[in-house]
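Undergrad: The structure that follows is given in the form of structure tokens.
The values are calculated or read from the model by the stated rules, or taken from the named source; none is laboratory data. The structure presented is a predicted model; accordingly, all values stated were derived computationally and were not measured. Quick reminder, even Gly has a Cβ in these numbers, built from the backbone with ideal geometry, and neighbours come from all protein chains shown.
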Amino acid sequence: MRSFLPTLLALAAATSAFAQGGNKTSECGLQYSVNPSKPGPKRAPLIIFLHGTGGNSGVFSEWGTEAKKRGYIVALPHSTGTGDAKAGNTAGDAQPRWADVDIPKVIGLARELQRTLNGDPKRTYLGGYSNGAFYAMEIGLGHPEVFSGVLSIGGGCNLHELPADTKRLGAFIIHGTADNAVPFDAAVRADGQLRKHGLEVVFKKHEGAGHVLFPEEAKGFFDWLPKFVRPYVPGSITWEADLEKARASASEKKQRLLVWFWSAKDATSELADYFECDLLRESAIADLASTHVLVKIDRDSETAKSFALKKPALAVLDADGKVLKKFEAPADPKALAAAILKVK
């Protein structure tokens with residue numbers, strides 16, 4: 001059986017060398033370190049690692065180093081919760097560990113880093129160790145609109161129901177058969193559950209190993225991960241796909257419709273990527289929800305064909321469905337929002 005303490009101490013000592021971004025505070029109040037700490041010229045894949053009980057993010061130093069070699073943005077947040085029994089914590093102590101209070105904060109951190117560090121919304125991943133692994137599974141699999149893949153080291157899965165869209169995610173599970181902190185059966189159950197749901201799962205079983213990090217698995221994990229790329233990013237807007245229902249709502253509220261026409265075949269389009277990953281996440285556009293009913297329509301649908309659009313587009317419609325203005329080219333979000341508000 002492996003020795004847990006020496007590994008933890010060695011990796012903790014390497015934290016400062018890896019997490020060069022220093023300690024930061026996210027917009028939702030989560031403490032974290034990140035490397036790199038400045039945005040690059042192009043969108044980069046993003047991975048967030050959740051520590052285990054005790055709050056030591058340093059255990060992911062070797063994993064983070066491998067990620068950095070491959071051009072990832074790597075974030076190491078610190079939990080605000082303590083002692084959530086749902087994640088297998090029965091000690092009743094006050095040690096830092098992930099809890100339900102942290103779920104929206106981790107999601108918020110992912111979206112913040114996508115925006116501020118040019119993290120790719122299509123390639124955002126979540127990993128965790130021990131207590132952090134339970135929450136990486138719960139948050140990542142429960143929010144396929146944010147994450148594209150998950151890593152569980154020495155953990156399990158507490159989700160009983162999964163969103164339908166979760167089946168396009170990948171899950172990489174690593175566990176030692178002699179783990180005396182989180183029983184090996186927890187990983188076996190998670191593997192079976194996720195495969196039944198239709199996910200692609202890699203399950204690495206380490207005979208005789210205990211509750212350790214398995215850094216030797218990092219290369220294989222990052223070789224496997226890039227295949228999981230989200231086809232689109234809905235953003236934070238709640239979309240109404242039924243145009244007739246949206247028209248009724250617009251008429252009742254005396255608002256106009258702001259329609260985003262999109263199709264699955266647009267997934268690789270730079271224009272579609274701009275709309276989905278950049279434009280629609282900007283507050284200037286999202287704020288239009290107070291003056292417009294926001295609608296998302298598959299432009300391959302019968303409803304959309306009457307608009308004769310040949311590319312992804314935003315369109316302003318009146319409550320009767322008449323197109324008042326179409327915006328088919330990228331624009332500065334604030335300028336576009338202002339232009340939409342001026343449509344007569």
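Undergrad: Quick check on my filter: what residues within the stretch 170-183 are more than 18 Å from residue 220 (Cβ to Cβ) and touching a residue at least 12 places away in the same chain (Cβ under 8 Å)? Can you show your working first?
TA: Initial filter on the stretch 170-183 (more than 18 Å from residue 220 (Cβ to Cβ)): 177-183.
Within the stretch 170-183, 177, 178, 179, 180, 181, 182 meet the criteria.
Okay, residues lined up against (1) over 14 Å from residue 118 (Cβ atoms); (2) touching a strand residue (DSSP E or B) at 6+ places or on another chain (Cβ under 7 Å):
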site: 32; (1), (2): yes, yes
site: 37; (1), (2): no, no
site: 46; (1), (2): no, yes
site: 57; (1), (2): yes, yes
site: 62; (1), (2): yes, no
site: 67; (1), (2): yes, yes
site: 80; (1), (2): yes, no
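Undergrad: Still on this structure: Scan the stretch 237-250 and give yes if some residue there is at pLDDT 65 or above, under 22 Å from the mean Cα position of the chain (by Cα) and of a type in the set (Phe, Trp, Tyr), otherwise no. Before the answer, list the steps.
TA: Keep residues of the stretch 237-250 that are at pLDDT 65 or above, which gives 242-250.
Going one step further and asking which of them are under 22 Å from the mean Cα position of the chain (by Cα), we end up with none.
For the stretch 237-250, residues at pLDDT 65 or above, under 22 Å from the mean Cα position of the chain (by Cα) and of a type in the set (Phe, Trp, Tyr): absent.
Yes/no per residue for (1) out of contact with any strand residue (DSSP E or B) (no Cβ under 7 Å at 6 or more places or on another chain); (2) part of a helix (DSSP H, G or I):
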{"position": "104", "(1), (2)": "yes, yes"}
{"position": "107", "(1), (2)": "yes, yes"}
{"position": "110", "(1), (2)": "no, yes"}
{"position": "113", "(1), (2)": "no, yes"}
{"position": "135", "(1), (2)": "no, yes"}
{"position": "172", "(1), (2)": "no, no"}
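Undergrad: Here is a further query. Just one of 275, 261 is surrounded by 19 or more Cβ atoms within 10 Å (Cβ to Cβ), at pLDDT below 85 and assigned to a strand (DSSP E or B); which is it?
TA: Working: 275 fails: assigned to a strand (DSSP E or B).
Within the list 275, 261, the selection yields 261.
Undergrad: Of everything in the stretch 100-128, what is without any contact (Cβ under 8 Å) to a residue 40 or more places away in the chain and either more than 13 Å from residue 144 (Cα to Cα) or surrounded by 23 or more Cβ atoms within 10 Å (Cβ to Cβ) (or both)? Give them in sequence order. Working first, answer last.
TA: First, the residues of the stretch 100-128 that are without any contact (Cβ under 8 Å) to a residue 40 or more places away in the chain: 100-101, 103, 107.
Selection gives 100, 101, 103.
Undergrad: I want to confirm something. Restricting to the stretch 52-72 and keeping residues that are modelled with pLDDT of 95 or more and part of a loop (DSSP other than H, G, I, E, B), which single residue is surrounded by the fewest Cβ atoms within 10 Å (Cβ to Cβ)?
TA: Across the stretch 52-72, the extreme among qualifying residues is 71.
Undergrad: State all residues of the stretch 107-130 that are more than 17 Å from residue 67 (Cβ to Cβ) and either at pLDDT 90 or above or not β-branched (Val, Ile, Thr) (or both); if no residue qualifies, say none.
TA: First pass over the stretch 107-130, keeping only residues more than 17 Å from residue 67 (Cβ to Cβ): 107-108, 111-112, 115-116, 121, 130.
Matches in the stretch 107-130: 107, 108, 111, 112, 115, 121, 130.
Undergrad: Considering the stretch 73-88 alone, what residues qualify as being modelled with pLDDT under 95 and among the hydrophobic types (A, V, I, L, M, F, W, C)?
TA: Within the stretch 73-88, 85, 87 meet the criteria.
Undergrad: While we're here: Take the residues of the stretch 138-163 that are charged (D, E, K, R) and under 15 Å from the mean Cα position of the chain (by Cα): which is modelled with the highest pLDDT?
TA: Start the filter on the stretch 138-163 by keeping residues that are charged (D, E, K, R), which leaves 138, 145, 161.
Going one step further and asking which of them are under 15 Å from the mean Cα position of the chain (by Cα), we end up with 138, 145.
Numbers: 138: 96, 145: 76.
Restricting to residues being charged (D, E, K, R) and under 15 Å from the mean Cα position of the chain (by Cα), the top hit is 138.
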